1. In nm, give the distance between the simple-model label positions of residue A:43 and residue A:129, each being 7 Å from the Cα along the Cα-to-Cβ direction.
2. Report the calculated FRET efficiency for residue A:111 and residue A:4 (r = Cβ-Cβ distance, R0 = 30 Å), to the nearest 0.05.
3. Considering only Cα-Cα distances, which of the following residue pairs are longer than 31 Å: B:3/B:33; A:29/A:211; A:142/A:223; A:142/B:47?
4. What pairs in A:191/A:251; A:213/B:16; A:13/A:191 have C-alpha atoms more than 22 Å from each other?
5. Take the alpha carbon atoms of the range A:101-116, find their center, do the same for the range B:8-51, and report the distance between the two centers in whole angstrom.
6. Could you list the chymotrypsin sites (Phe, Trp or Tyr not before Pro) in chain B that lie in coil according to DSSP, counting only those with at most 13 other Cβ atoms within 10 Å of their Cβ?
7. Tell me, what is the FRET efficiency for residue A:255 and residue A:17 to the nearest 0.05, using R0 = 51 angstrom and their Cβ-Cβ distance as r?
8. When the helices in the protein assembly as shown are scored as -39500 (n - 2.57) per DSSP H run of 4 or longer and the sum is shared across all residues, what 222 nm value do you end up with, to the nearest 500 deg cm²/dmol?
Amino acid sequence: MAFDYDKWIRPGKLPHIWCPGCGHGIVMKGLIRAMDTLQLKKEETAVVSGIGCASRLPGYIDCCTLHTAHGRAAAFATGVKMARPEMNVILVGGDGDGTAIGGNHFIHACRRNIDMTYIIMNNYIYGMTGGQFSPCTPTGHKASTTPYGNPDPGFDIAKLAIGAGATFVARGTAFHANQIDKLIVEAIQHKGFSVVEILDDCPTTYGRRNKFKSVIEMMNRLKEVAVPVKAAEKMTAEQLQGKVLTGVLYKDETKPEYIVEYAKVIERAQAVKK
Amino acid sequence: MEKTLPKIEIIEKYCKGCHICVEFCPKDVLEMKGFYASVKNLEACIKCMQCELRCPDFAIKVITE
């Protein structure tokens, strides 16, 4: 039976603003399926975003949503979670929003290990502002501000998150649409800061400049580069050259969660007062 | 057992003509008719739901009983 997305979408908001073939729509469907699987209550779910194409997502979803300053989704979401610890806080954003302009907020949210889920849609570029290169643009690829190729090496968001202290890190792609909701379900269920990086396609500002002839070619590229973690164990370093691991990359359930730790601080402080 | 055919509903208001559904349909059920996707050969549909799953624009619904 067809999945009923309509119950999670604000009436009259579709069609969305994303370009033809943009993977953000596929990720949004994955998020909706995940929220539906977990039977989250709309009044107890907050979707928080910064600025950018991907950050337009909360505008379409019918639950508590917050569209904040550029890169500051993690800061606002931390506030929401601290004030209302019972809420399920989900952050969404792009690679530029999350790792460049909000890079500092991102790593410190990872370090704190506060119980939130961050879905980063990595389309390798700043789409909304006109195709400037982002920290995730691969070396040599073209953007509107690097017309002769980008000299910088790109970020590996998953490794960055693991290094910064996130306790659940997973990666999926817009091509593997079936996997997205499963990763997000696992991330929301995890107690602690969870990062789900979804490799995405931006046909308008990234594909056009980097000789991708169509959306289909971009989708097939995602299919080619993705290697599931289990399959990668049997592959040699040579075979893994240029590939990207997908699936659950890191999970640590031993690290203390921030809300729990902060409650202890409150308890200690109140004990002193008496 | 007789094969029951699904109903493939395409909402043209939402369709942006990205070709994803047409290309990733394993049975070549869909085609582009002008700007929008449309059903070409419903008989071949195996209800794999790939088009519904992949459509970024919420424009396809595969209704099975």
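Bear in mind these aren't lab numbers, they're just calculated from the coordinates by the rules spelled out. Predicted, not measured: the structure shown is a model, and the values here were computed from it. Glycine gets a Cβ as well: all are built from the backbone with ideal geometry, and neighbour counts include every protein chain shown.
1. My value for the distance between the label points is 3.9 nm.
2. According to the calculation, E is roughly 0.15.
3. Distance filter (> 31 Å) returns A:142/B:47.
4. A:13/A:191
5. Centre-to-centre distance over Cα atoms comes out at 41 Å.
6. B:35
7. Efficiency for this residue pair is about 0.85.
8. -8500 deg cm²/dmol
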